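For reference, the structure is listed below as structure tokens.
The values are calculated or read from the model by the stated rules, or taken from the named source; none is laboratory data. Note that the coordinates shown come from a computational prediction; the quantities given were computed from them, not determined experimentally. Counting neighbours? That spans all protein chains shown, and the Cβs are built from the backbone with ideal geometry, glycine included.
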Amino acid sequence: MPPDDPRSNGSPHPLERQRSAAPSESGGDPIPLWRAVTRPISLSSLTFVSRLRPVPFENVEGLNDSNGASLSLYAVIALFLAGCTWLGDARAGYDYWAWHPKVHPGRVSGEAGTLYLLQGELLIRGGNAVFQRRGFPPPTASANPLILVYRLETMDWPTSLQRQAGRDLQAFEAKRNPVWGIQIDFDARTRHLDRYGELLRRIRAALPTRYRLSVTGLMDWASQGKLEDLNALEGVVDEIVFQAYQGRQPIKEHRRYFERLSTRTLSVPFKLGLVEHGNYDRDALAMVQKHPAYRGTVIFLLPDGSR
């Protein structure tokens, strides 16, 4: 595992998110995302029952994917997307990540905004780059903006993965979907943000100008990252989504992170990534939402049955 990966020391990075989220144990009645008014805020979603069927993905050309796994994908995703409406003001609405194969995006409210759909992960196996396909196939005629997400285990963007991302974008657009762009998810160490910026410039240069480039970010970037490194990303990326969770829980001391972020002179647009069902301090969130570069909130959906 490369030294740039936060997990290279053999133990989880204290600020790293765990994608395999377990069911939430928080009690109480769900509070709709757009009407949460109590402190702390409980992020919950609506229940949607559907039939699931596995749909296989083919391996990517040019990358050695030895898994050949079939993924649980949802035929009714198009029904959800067609029934949603965009809130107009990005600050007012909630966007959603759909990553886990047991997440059904149709259970969120019809007032959802952008949907970030995981497409796969670039892994390092035996010293070689291996792309493992995960995620969701293209819906048909989505009423919501879509962003395709690619998870990187190493600070690299092979030409073969660039070609695959291009094919994915074309496949989504062929079904009349409003595809806004791609999102890169890589947990770069805070001290290596300048190097990560170089990679992002290369990705931006290879991406057609009509597409947006989004990246996820650790809360440590938001509180401790060099301002010159972060603000240098303005014009390279369209947004950073700072992920304020660890596993299925809000990141520890999230109030301190939010307070620090709210006072920093960031010029690059950013969003906050919150975990579904997470109890967040409402006052601390309000401080971040007043930041001039704040552009909204993205909710990480937990697997079905976690509510």
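Under 6 Å by Cβ, and 6 or more places apart or on different chains, what pairs join a residue from the range 281-296 that is touching a residue at least 40 places away in the same chain (Cβ under 8 Å) with one that is assigned to a loop (DSSP other than H, G, I, E, B) and of a type in the set (A, V, I, L, M, F, W, C)?
ARG295/ALA90; GLY296/ALA90
So, of the residues in the range 107-136 that are surrounded by fewer than 20 Cβ atoms within 10 Å (Cβ to Cβ) and either touching a helix residue (DSSP H, G or I) at 6+ places or on another chain (Cβ under 7 Å) or β-branched (Val, Ile, Thr) (or both), which turns out to be modelled with the lowest pLDDT?
Only one residue fits best here, namely GLY110.
Let's see how each residue does on (1) assigned to a strand (DSSP E or B); (2) over 19 Å from the mean Cα position of the chain (by Cα); (3) in contact (Cβ under 8 Å) with a residue 60 or more places away in the chain:
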residue	(1), (2), (3)
GLU173	no, yes, no
TRP180	yes, no, yes
GLN183	yes, no, yes
HIS192	no, yes, yes
PRO208	no, yes, no
THR216	yes, no, no
ASP220	no, no, yes
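Exactly one of these conditions fails for GLU259: (1) part of a helix (DSSP H, G or I); (2) surrounded by 17 or more Cβ atoms within 10 Å (Cβ to Cβ). Give me its number.
(2)
Where residues in the range 238-251 are within 17 Å of ALA284 (Cβ to Cβ) and in contact (Cβ under 8 Å) with a residue 60 or more places away in the chain, which of them is surrounded by the fewest Cβ atoms within 10 Å (Cβ to Cβ)?
GLN246
So is ALA143 among the aliphatic types (A, V, I, L, M), part of a helix (DSSP H, G or I) and surrounded by fewer than 21 Cβ atoms within 10 Å (Cβ to Cβ) or not?
Spelling it out, it is not the case that ALA143 is among the aliphatic types (A, V, I, L, M), part of a helix (DSSP H, G or I) and surrounded by fewer than 21 Cβ atoms within 10 Å (Cβ to Cβ).
Would you point out which residue out of GLY235, GLY225 is more than 28 Å from VAL103 (Cα to Cα) and surrounded by 19 or more Cβ atoms within 10 Å (Cβ to Cβ)?
Testing whether each residue is more than 28 Å from VAL103 (Cα to Cα) and surrounded by 19 or more Cβ atoms within 10 Å (Cβ to Cβ) leaves just GLY225.
Tell me, which residue of the range 146-174 that is of a type in the set (Lys, Arg) and under 15 Å from ALA206 (Cα atoms) is surrounded by the most Cβ atoms within 10 Å (Cβ to Cβ)?
ARG163
Which one of the conditions (1) in contact with a strand residue (DSSP E or B) (Cβ under 7 Å, 6 or more places away or on another chain); (2) under 20 Å from GLN183 (Cβ atoms); (3) surrounded by 19 or more Cβ atoms within 10 Å (Cβ to Cβ) does TYR211 fail to meet, given that it meets all the rest?
(3)
Can you tell which of LEU200, LEU148 is part of a helix (DSSP H, G or I) and either in contact (Cβ under 8 Å) with a residue 24 or more places away in the chain or under 12 Å from LEU117 (Cβ atoms) (or both)?
LEU200
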